[in-house]
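Okay, structure first, notes after.
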Amino acid sequence: MDSVGLPVPNSGDSAVDAAALTVTAKEHVAEGVAALTLAHPDGARLPDWTPGSHIDLVLPEGSTRQYSLCGDRWDAHTYRIAVLRESGGRGGSAYVHDRLSPGDRVGVGAPRNHFPLVPSKKYLFIAGGIGITPLLPMVRQAELLGADWKLLYGGRTRASMAFREELTAAYGERIHVVPQDEFGLLDLAAWLGAALPDTKIYCCGPAPLLSAVEAACAGWPPYSLRVERFTASAQIAPVRNTPFEVELRRSGRTVTVTPGVSVLEAMRRAGADVLSSCEQGTCGTCLTPVLEGRPDHRDSVLADHERAANDCMFLCVSRSCGDRLVLDI
Ligand code: FES
């Protein structure tokens, strides 16, 4: 059966017509964590994805939330995500926990990957809490490829650490489980104090953990560390504080962006149909190709070499260094 065509955000596909998938299972996998299995109502094959990919759930009021795919990438007919209930959140996780049930339909955008697993002989995966979700398919991939890998997994308590038991059962001593109430914080100095040859580090979790890992890896070779953030990293002031123009090449419109207004907001005011989710530069939903001009990158997703290419930007936070940008939208 053909795969269904889920729309890719801000790439010329419809930004709002997500495919409706069916919730086929909902499980409680840890304290405050619900896992959903999603499938096409007709049983159609779903678009392929790679470890580190995420999807957007489009909630009934039209807002979107981004979740990492944590299931089996070789299962072509289902997606699996795990959602932490966030008490101070914007209501997306509460909706998933309290309202979504098996049999319900939910809008889903196509998988996108801003946290890809690059080839390496050795990996060190570091997860904090729900940050385990994008790393689950990575450890499976590393195992399949015969890489030498370890997972350092921290969390508040054992009960709060999703997939802890299945990881330990499957991979034994490769998994290092560190509940904070038993052992304290992860001992990053011991794990990262000296650069390990040929080793890539992938880390996902709360901001303090990411900052601590980045600091601990300061002496490692460039590009050794890749992180995925849930919250935006601190940004310096924009490069310019004067208006600039953004040409939307495909639609033939030009929008003026004034200080204090995001490119995303200016485009929406001009009637452009643009998908977004976090609006903090962390999820990647609003990624848009840049044809001309130099973006003032203010996101928490792109690596330095990706920023230097100046061929894409995140509309919710990034701005322009010059008078004009041209976008492929
Ligand atoms: Fe999340 Fe822009 S909406 S990065």
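Quick check on packing: order 178-184, 221-227, 104-110 by the mean number of other C-beta atoms within 10 Å, highest mean leading.
Values: 178-184: 13.1, 221-227: 15.6, 104-110: 19.9.
My ranking of the peptides, most packed first, is 104-110, 221-227, 178-184.
Considering only DSSP beta bridges whose two residues both sit in the chain, what percent are antiparallel, to the nearest 5?
Numbers: 39 of 67 bridges.
DSSP beta bridges in the chain are roughly 60 percent antiparallel.
Placing unit charges on the Cβ atoms only, positive for Lys and Arg and negative for Asp and Glu, gives the chain a dipole magnitude near 320 debye about its Cα centre. Across the accessible surface of the stretch 170-286, with the other protein chains kept in place and a 1.4 Å probe, carbon and sulfur atoms take up 54 percent.
Given contacts defined as C-alpha pairs under 8 Å and at least six residues apart, what's the relative contact order of the stretch 24-70, whole-number percent? Spell out each step's value before the answer.
Values: 44 pairs, mean separation 10.7, N = 47.
So the answer I get is 23 percent.
Using a simple spin-label model with pseudo-atoms 7 Å out from Cα toward Cβ, residue 113 and residue 185 lie 3.2 nm apart.
The mean sequence separation of alpha-carbon pairs under 8 Å and at least six residues apart, normalised by the residue count of the chain, gives a relative contact order of 16 percent.
When the charge dipole of the stretch 109-198 is built from unit charges on Cβ atoms (+1 for Lys and Arg, -1 for Asp and Glu) and taken about the Cα centre, the candidate among 109, 172, 183 whose Cα reaches farthest toward its positive end is 109. With the cut-off at 1.5 for a/c, could you classify the stretch 17-142 from its C-alpha gyration tensor as rounded, prolate or oblate? Oblate, since a/c reaches 1.5 and b/c is not below a/b.
Spin-label model, residue 214 to residue 250: label points 7 Å out along the Cα-to-beta-carbon direction sit 3.2 nm apart.
Length available on full extension from residue 74 to residue 321: 0.36 nm per residue minus the Cα-Cα distance, which gives 84.7 nm. The base-10 log of I(q)/I(0) for the stretch 192-329, evaluated at q = 0.10, 0.15, 0.17, 0.18 Å⁻¹, reads -0.38, -0.75, -0.90, -0.98 [Debye formula, identical scatterers on Cα atoms, solvent excluded].
The lysine pair tally for the chain, using Cα distances under 14 Å and a gap of 8 or more places or different chains, is 5.
Looking only at Cα atoms, what is the convex hull volume of the stretch 100-174 per residue, in Å³? Present the calculation step by step, with values, prior to reporting the outcome.
On the way: hull volume 10.5 nm³, N = 75.
Considering the Cα atoms of the stretch 100-174, their hull volume per residue is 140 Å³.
Given the stretch 116-271, report the % of alpha carbon pairs whose separation exceeds 23 Å. Numbers along the way, then the final one.
Numbers: 5976 of 12090 pairs.
For the stretch 116-271, the share of Cα pairs beyond 23 Å comes to 49 percent.
Rounded to 0.05, the FRET efficiency of the residue 27 and residue 121 pair, given R0 = 45 Å and the Cβ-Cβ distance, is 0.80.
A straight chain from residue 171 to residue 145 at 0.36 nm per residue would run longer than the Cα-Cα distance by 7.9 nm.
What FRET efficiency comes out for residue 99 versus residue 268 if R0 is 35 angstrom and r is the Cβ-Cβ distance? Round to the nearest 0.05. Don't skip to the end; give the middle numbers.
On the way: r = 27 Å, r/R0 = 0.77.
Rounded to the nearest 0.05, the efficiency is 0.85.
Positive end of the dipole of the stretch 265-323 (Cβ unit charges, origin at the Cα centre): among 281, 313, 293, the Cα lying farthest that way belongs to 281. Think of the chain as having a plus end and a minus end, set by charges on the Cβ of Lys, Arg, Asp and Glu; of 136, 255, 220, 255 sits farthest toward the positive end of this dipole.
Our estimate of slack between residue 258 and residue 308, defined as 0.36 nm per intervening residue step minus the Cα-Cα distance, is 15.6 nm.
Annotation: amide H-H contacts under 5 Å for residue 277 (H modelled 1.01 Å from N, sequence separation of 5 or more, or interchain): 285, 286. Each part reduced to its alpha carbon centroid, the stretch 94-110 and the stretch 43-57 end up 16 Å apart. Each principal axis of the Cα cloud of the chain was evaluated for its coordinate range; sorted largest first, these ranges are 57, 51, 37 Å. Out of every Cα-Cα pair in the stretch 53-207, what percent are more than 18 Å apart? That tail contains 62 percent of the Cα-Cα pairs.
The values are calculated or read from the model by the stated rules, or taken from the named source; none is laboratory data. Fair warning: this is a prediction, and the values are worked out from it, not measured in the lab. FYI the Cβ positions are ideal-geometry reconstructions off the backbone, even for glycines, and counts take in every protein chain you see. Just the protein is used for accessible areas: all its heavy atoms, side chains included, with ligands, DNA and RNA removed. Shrake-Rupley method; radii C 1.70, N 1.55, O 1.52, S 1.80 Å.
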